[in-house]
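Worksheet: one structure, shown below.
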Amino acid sequence: MAKITGSPPGGDTIKLKIYRTLLIVLLFLIIGGGLSIPFVYESQTLWYKIGIDKTMLQGGQMVGLVAAILLFVQILLATRGKLLKDLFGLAAIMRWHRINGVIISILVISHAILILMPEGLTNLPIGKKYWPEMVGILMLCIVLFMSVSSSFREKLRLDYKKWRTHHKRFGYFVVMLLVVHVLFVSESFEHTVPRMALLTIFASVVAAVVLTKKIKWLST
């Protein structure tokens with residue numbers, strides 16, 4: 001395979017465009033697969049809903065799955081791996097990381113609203129029986145905290161290095177909460193295909209983070 005460089009001349013630029021396109025197509029294929037899960041592997045909560053309530057629940061599940069995929073993407077963007085930097089450039093990665101963070105925040109709020117509204121806001125899933133939902137609530141709070149602290153870091157006068165260190169740790173923690181929440185909150189992920197797809201994506205992201213850190217450590 002030809003070596004990918006940051007500013008390739010001539011024919012290498014075409015290769016970079018191909019690599020970028022393939023990566024973006026892969027992302028949209030994963031998102032498309034995630035959006036199909038509420039329909040192909042319908043959860044039991046949808047069996048007893050009709051009309052607008054069922055539509056809202058399905059919409060909430062779809063929005064939540066897109067948010068989950070973008071959270072995985074967010075971790076990859078945060079690692080600033082060599083491959084992504086060679087393909088898109090550091091400035092673009094940092095810009096997409098900020099934009100993606102805002103999108104994720106909007107999606108997780110929308111997910112919570114769409115899931116809770118059909119059940120009624122007076123019937124909130126609180127208690128030991130609803131521990132997967134409680135994990136989701138904790139994850140929502142952390143995501144919003146991360147988004148706010150990122151947007152107002154300078155106004156809050158937060159030290160950049162300390163903030164970035166804690167921001168990364170919260171990010172890794174959120175992804176672990178995400179996997180637990182998704183696996184146990186919906187019967188859809190009791191099926192082999194969606195469960196294995198989620199775990200494969202999670203394992204791939206973990207491997208990419210570890211590999212990137214190892215490469216950076218060896219280069220120092």
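Quick look at the numbers
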{"read-out": "Residue within segment 123-135 that is among the hydroxyl-bearing types (Ser, Thr, Tyr) and under 17 Å from the mean Cα position of the chain (by Cα) present", "value": "no"}
{"read-out": "Any chance Leu121 is assigned to a loop (DSSP other than H, G, I, E, B), out of contact with any helix residue (DSSP H, G or I) (no Cβ under 9 Å at 6 or more places or on another chain), at pLDDT below 95 and among the aliphatic types (A, V, I, L, M)", "value": "yes"}
{"read-out": "Test result for Lys85, surrounded by fewer than 17 Cβ atoms within 10 Å (Cβ to Cβ), part of a helix (DSSP H, G or I) and either at pLDDT below 90 or touching a helix residue (DSSP H, G or I) at 6+ places or on another chain (Cβ under 9 Å) (or both)", "value": "yes"}
{"read-out": "Residues within segment 37-54 that are more than 17 Å from Met117 (Cα to Cα), of a type in the set (Val, Ile, Thr) and surrounded by fewer than 15 Cβ atoms within 10 Å (Cβ to Cβ), tallied", "value": "1"}
{"read-out": "Residue in segment 176-190 that is closer than 22 Å to Gly59 by Cβ, exposed (fewer than 14 other Cβ atoms within 10 Å of the Cβ) and not polar (S, T, N, Q) present", "value": "yes"}
{"read-out": "Of the criteria (1) touching a helix residue (DSSP H, G or I) at 6+ places or on another chain (Cβ under 9 Å); (2) modelled with pLDDT of 85 or more, which one Leu158 fails", "value": "(2)"}
{"read-out": "Any chance Ile69 is farther than 30 Å from Lys216 by Cβ, part of a helix (DSSP H, G or I) and touching a residue at least 24 places away in the same chain (Cβ under 8 Å)", "value": "no"}
{"read-out": "Meets criteria (more than 29 Å from Ala207 (Cα to Cα), surrounded by 12 or more Cβ atoms within 10 Å (Cβ to Cβ) and at pLDDT 85 or above) for Gly34", "value": "no"}
{"read-out": "Checklist (1) of a type in the set (Asp, Glu); (2) surrounded by 15 or more Cβ atoms within 10 Å (Cβ to Cβ); (3) over 21 Å from the mean Cα position of the chain (by Cα) applied to Glu154, failing item", "value": "(2)"}
{"read-out": "Tyr19 being within 20 Å of Val179 (Cβ to Cβ) and touching a residue at least 12 places away in the same chain (Cβ under 8 Å)", "value": "no"}
{"read-out": "Unique match (being within 17 Å of Ile30 (Cα to Cα) and surrounded by 14 or more Cβ atoms within 10 Å (Cβ to Cβ)) among Ala203, Ala197", "value": "Ala197"}
{"read-out": "Unique residue being touching a Leu at 6+ places or on another chain (Cβ under 7 Å), in a helix (DSSP H, G or I), touching a residue at least 12 places away in the same chain (Cβ under 8 Å) and over 20 Å from Val193 (Cα atoms) when the list is Ile113, Ile104, Ile37", "value": "Ile104"}
{"read-out": "Residues that are touching a helix residue (DSSP H, G or I) at 6+ places or on another chain (Cβ under 8 Å) and charged (D, E, K, R), drawn from segment 161-205", "value": "Lys168, Glu187, Arg195"}
{"read-out": "Residue tally, condition within 17 Å of Ile37 (Cβ to Cβ) and free of Cβ contacts under 8 Å to residues at least 40 places away in the same chain, over segment 157-182", "value": "1"}
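The values are calculated or read from the model by the stated rules, or taken from the named source; none is laboratory data. It should be emphasised that the depicted structure is a prediction, and the values quoted were computed from it without experimental measurement. All Cβ positions, glycine included, derive from the backbone under ideal geometry; neighbour counts span all protein chains shown.
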